[in-house]
1. Which members of region 74-94 meet the condition of being in a loop (DSSP other than H, G, I, E, B) and closer than 17 Å to Gly39 by Cα?
2. Restricting attention to region 73-86, which residues are within 15 Å of Met23 (Cα to Cα) and loosely packed, with under 15 Cβ neighbours inside 10 Å?
3. Could you tell me how many of the residues in region 13-39 are open to solvent by less than 70 Å² (accessible area, probe 1.4 Å) and over 19 Å from Phe81 (Cβ atoms)?
4. Can you find a residue that is on the phi > 0 side of the Ramachandran plot, in contact with a strand residue (DSSP E or B) (Cβ under 7 Å, 6 or more places away or on another chain) and either outside any loop (DSSP other than H, G, I, E, B) or not aromatic (Phe, Trp, Tyr) (or both) anywhere in region 2-10?
5. List every residue pair whose Cβ atoms lie under 7 Å apart, where the two residues are 6 or more positions apart in sequence or sit on different chains, the first residue falls within region 21-32 and is touching a residue at least 24 places away in the same chain (Cβ under 8 Å), and the second residue, located anywhere, is open to solvent by less than 90 Å² (accessible area, probe 1.4 Å).
6. Counting only residues that are closer than 18 Å to Lys9 by Cβ and either surrounded by fewer than 10 Cβ atoms within 10 Å (Cβ to Cβ) or in contact with a Ser or Thr (Cβ under 9 Å, 6 or more places away or on another chain) (or both), how many does region 45-55 have?
7. I'd like to check something: does region 56-72 contain any residue that is open to solvent by less than 70 Å² (accessible area, probe 1.4 Å), in contact (Cβ under 8 Å) with a residue 12 or more places away in the chain and assigned to a strand (DSSP E or B)?
8. Of the residues Ile90, Ile42, only one is of a type in the set (Val, Ile, Thr), open to solvent by 90 Å² or more (accessible area, probe 1.4 Å) and out of contact with any strand residue (DSSP E or B) (no Cβ under 8 Å at 6 or more places or on another chain); which?
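The values are calculated or read from the model by the stated rules, or taken from the named source; none is laboratory data. What you see is a predicted model; the values in this text were computed from it and never measured. Here the Cβ positions follow ideal geometry from the backbone for every residue, glycine too, while neighbour counts run over all protein chains shown. Please note that ligands, DNA and RNA were not included when accessible areas were found on the heavy atoms of the full protein model with its side chains. Shrake-Rupley method; radii C 1.70, N 1.55, O 1.52, S 1.80 Å.
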Amino acid sequence: MFVVELIYKADLEEIDARMRAHMAFLKKHYAEGRFLISGRKIPRDGGIILALGKSSDEIEAIMREDPFCKHGLAEFRVIEFRASQRADDIPKRVES
């Protein structure tokens, strides 16, 4: 399991201009079972994605295709971890 941190390198106007393409990227990887949860950081200087993959190399390759990263608007950091515990009521806790 991986935590991906996106760090914006551009102003929010440029980020917002590519948001539709970024959302399409996210939807694709949710549909393929790779992404579990994602959202904006607070303050809004990037985002977080919880992802599943075989290796950090695989996740890094996926993230290089994110329109934000592809166009130099953001960089990313991939942190691998082994999930060993979880709350039984995760869906209830993360409802937005």
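1. Taking region 74-94 and keeping what is in a loop (DSSP other than H, G, I, E, B), we get 81-89, 94.
Matches in region 74-94: Val94 only.
2. none
3. Within region 13-39, residues that are open to solvent by less than 70 Å² (accessible area, probe 1.4 Å) and over 19 Å from Phe81 (Cβ atoms) number 7.
4. Restricting attention to region 2-10, the residues satisfying the condition of being on the phi > 0 side of the Ramachandran plot are none.
The answer is no, given that none of the residues of region 2-10 is on the phi > 0 side of the Ramachandran plot, in contact with a strand residue (DSSP E or B) (Cβ under 7 Å, 6 or more places away or on another chain) and either outside any loop (DSSP other than H, G, I, E, B) or not aromatic (Phe, Trp, Tyr) (or both).
5. The qualifying pairs are Ala21/Pro67; His22/Asp66; His22/Pro67; His22/Phe68; Phe25/Asp66; Phe25/Pro67; His29/Phe35; His29/Ile62.
6. 3
7. Step one: of region 56-72, the residues open to solvent by less than 70 Å² (accessible area, probe 1.4 Å) are 56, 58-63, 66-69, 72.
This time we only want the ones that are in contact (Cβ under 8 Å) with a residue 12 or more places away in the chain, so: 56, 59-60, 62-63, 66-69, 72.
From what's left, assigned to a strand (DSSP E or B): none.
Among the residues of region 56-72, not one is open to solvent by less than 70 Å² (accessible area, probe 1.4 Å), in contact (Cβ under 8 Å) with a residue 12 or more places away in the chain and assigned to a strand (DSSP E or B), which makes the answer no.
8. After applying the criteria, what remains is Ile42.
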